[in-house]
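S.K.: Below you will find the structure I want to go over with you.
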Amino acid sequence: MSLSRRTFLGATAASFAAGRVFAASKAKIRIGLLLPYSGTYAALGNNITDAMKLVAGKLGNKLGGREIEWVAVDDESDPAKAPANVNKLISGEKVDILTGPVHSGVAMAMMQIVRQEKTLTIVTNAGAQAVTGQLCAPNVFRTSFSNWQTSYPCAEVMLKDGRKKAVLMFWNYSFGQESMAAFKEGYSKGGGTIVKEIAVPFPQTEFQANLSEIASLKPDAVFVFFAGAGAAKFVKDYADAGLRDKIPLYGSGFLTEGVLGAQGAAAEGIKTTLHYADSLDNGPNKKFRAAFKEATGREADVYAVAGHDTVHVLAQALDKVQGDTSAQKELIAALESVRLDSPRGPFRFSKAHNPIQNIYLRQVKGGKETVIGIAQKEAEDPAFGCAMVK
Ligand code: BEZ
């Protein structure tokens, strides 16, 4: 149970009737950050964190009138450590709101605890389907994407390009598996054939044997899930193996996101689908990218945008309840009605609490992520098994 909820339960009926106990007392609002700060996804966790703090700073470091106190835990992208890390934030640090993680396996372990504790949780990256599917819960929202949203639309893109025989290659954990399942759903519906599925243990980055196999299989294209430092290495190894100009690479946008600089010429021509692109031509994107660059010296990416939107979502909702995190029913209703003019484009929550958002078709040209068009407009995850969706 969170600090504000405990204090709230101890409050008098009069203070309950008066409401907004915490805003009035100006108690700090404790925001938990369950993110990777080491390992292959460290850059992703850092960009989410830095963007959250940047936006919060612009809001005077306050949400709903309460000063923010951040409590960060390095989740190491390790599902086995997730229960202890989540309990540390919820029971130990008594955070009012939990945010994170990046890794879908960590998210799955986290879901069991936050559903039980009813901790208000905002998932800032992990795309695991169950978060807003079978395990969906009123107290859980996601500001990033579902695996389905970022992978399903790529099947049609590949088929339209005339690539009918594909090899799939992915890190073998929930994100990779679900991403491939979503891709296959669209690809086989459209008449495509999967020649081979290559599952690589996470976070392994030894790809040579797999690349030789792909060369001998000669598919029309390869659809991939890797992200962060692993994606940077994969794309370079693919080019070094002489495959770049022979067998085109496709993927969900995590393949190039945040690592385009490291990939250099090796990434040229890669087509991906994602709910964001650096070059989106809208005011909020230009403003955010400039501010992020100035504050960190780095380029913003999809992970930074998730951090940006998470704080804006919280700010809108907490203003409505004047910072009273104990008024959970009202706070959830306020979150459900959030509308954002995000750097990614229009953003609103579905009934399952997953973003309804455009999925863009992007291609790396001249070292830049260009937007070719919208692969799926206002894409809504099917939310299979979510009891909140009637
Ligand atoms: C995931 O595990 O859900 C994930 C990790 C990195 C990028 C995208 C998704």
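S.K.: Quick one: among Glu213, Glu69, Glu178, which has the greatest mean-square fluctuation in a GNM of the chain with alpha-carbon springs under 10 angstrom?
M.R.: Glu213
S.K.: Next question. When DSSP beta bridges are limited to those with both residues in the chain, what percentage is antiparallel, rounded to the nearest 5?
M.R.: 35 percent
S.K.: Further question on the same structure: I want to check the label-to-label distance for Lys329 and Thr296. Put each point 7 Å from Cα in the C-beta direction and report it in nm to one decimal.
M.R.: Inter-label distance under the simple model: 3.9 nm.
S.K.: Once you charge only the Cβ atoms, +1 for Lys and Arg and -1 for Asp and Glu, what is the size of the charge dipole of the chain about its Cα centre, to the nearest 20 debye?
M.R.: Dipole of the chain, to the nearest 20 debye: 720 debye.
S.K.: Which Cys residues of the chain have no other Cys beta carbon under 4.7 Å away?
M.R.: Cys154
S.K.: Lys81: which lysines have alpha carbons under 29 Å from its alpha carbon, excluding same-chain residues fewer than 8 sequence positions away?
M.R.: Lys28, Lys53, Lys94, Lys118, Lys233
S.K.: Going toward the positive end of the dipole of the chain, with +1 on Lys and Arg Cβ and -1 on Asp and Glu Cβ, which of Ala239, Gly176, Ser104 do you reach last?
M.R.: Positive-most Cα among the choices belongs to Ser104.
S.K.: Right, another one. Suppose each label sits 7 Å from its Cα in the direction of the beta carbon; what would the Asp319-Asn172 distance come out to in nanometres?
M.R.: 4.9 nm
S.K.: Continuing with this model, one more query. Put +1 on the Cβ of each Lys and Arg and -1 on the Cβ of each Asp and Glu in the stretch 315-390; which of Leu361, Ala315, Ala333 then has its Cα farthest toward the positive end of the dipole?
M.R.: Going by the charge dipole, the pick is Leu361.
S.K.: To the nearest 0.05, what FRET efficiency results for Glu268 and Lys351 with a Förster distance of 41 Å applied to their C-beta separation?
M.R.: Working from the Cβ atoms, E equals 0.50.
S.K.: Work out the FRET efficiency for Val371 and Glu67 from their Cβ-Cβ distance, taking R0 = 35 Å, and round it to the nearest 0.05.
M.R.: Calculated transfer efficiency: 0.35.
S.K.: While we're on this one: Report the Cα centroid-to-centroid distance between the stretch 135-186 and the stretch 251-324 in angstrom, as an integer.
M.R.: 20 Å
S.K.: Would you mind calculating the relative contact order of the chain from Cα pairs under 8 angstrom and at least 6 residues apart, reporting the percent as a whole number?
M.R.: It comes to 19 percent, rounded to a whole number.
S.K.: If r is the Cβ-Cβ distance from Ser279 to Arg339 and R0 is 25 Å, what FRET efficiency results, to the nearest 0.05?
M.R.: Once the sixth-power term is evaluated, E becomes 0.55.
S.K.: Continuing with this model, one more query. How would Met108, Met158 line up from fewest to most surrounding beta-carbon atoms within 10 angstrom?
M.R.: By the 10 Å Cβ count, ascending, the order reads Met108, Met158.
S.K.: Tell me, what is the percent relative contact order of the stretch 72-123, built from C-alpha pairs under 8 Å that lie six or more residues apart?
M.R.: 41 percent
S.K.: Also, quick follow-up: When the dipole is taken about the Cα centre of the stretch 148-274, and only Lys, Arg (+1) and Asp, Glu (-1) are charged at their Cβ, what size is it in debye, to the nearest 20?
M.R.: That gives a dipole near 320 debye.
S.K.: Local charge sum around Ser146 (other residues, Cβ-Cβ under 12 Å, Lys/Arg +1, Asp/Glu -1)?
M.R.: -2
S.K.: Rank-order 303-315, 116-128 by packing density, defined as the average count of other C-beta atoms within 10 Å over each peptide's residues, highest first.
M.R.: Packing order, densest peptide first, comes out as 303-315, 116-128.
S.K.: For the residue pair Ala209 and Gln134, what label-to-label distance in nm results when each label sits 7 Å from Cα along the Cα-to-beta-carbon direction?
M.R.: 3.1 nm
Read the figures in this text as sums done on the coordinates, not as results from a lab. Here the structure is a predicted model, which is why all the values come from computation and not from measurement. Cβ: placed from backbone, ideal geometry, glycine included. Neighbour counts: every protein chain shown.
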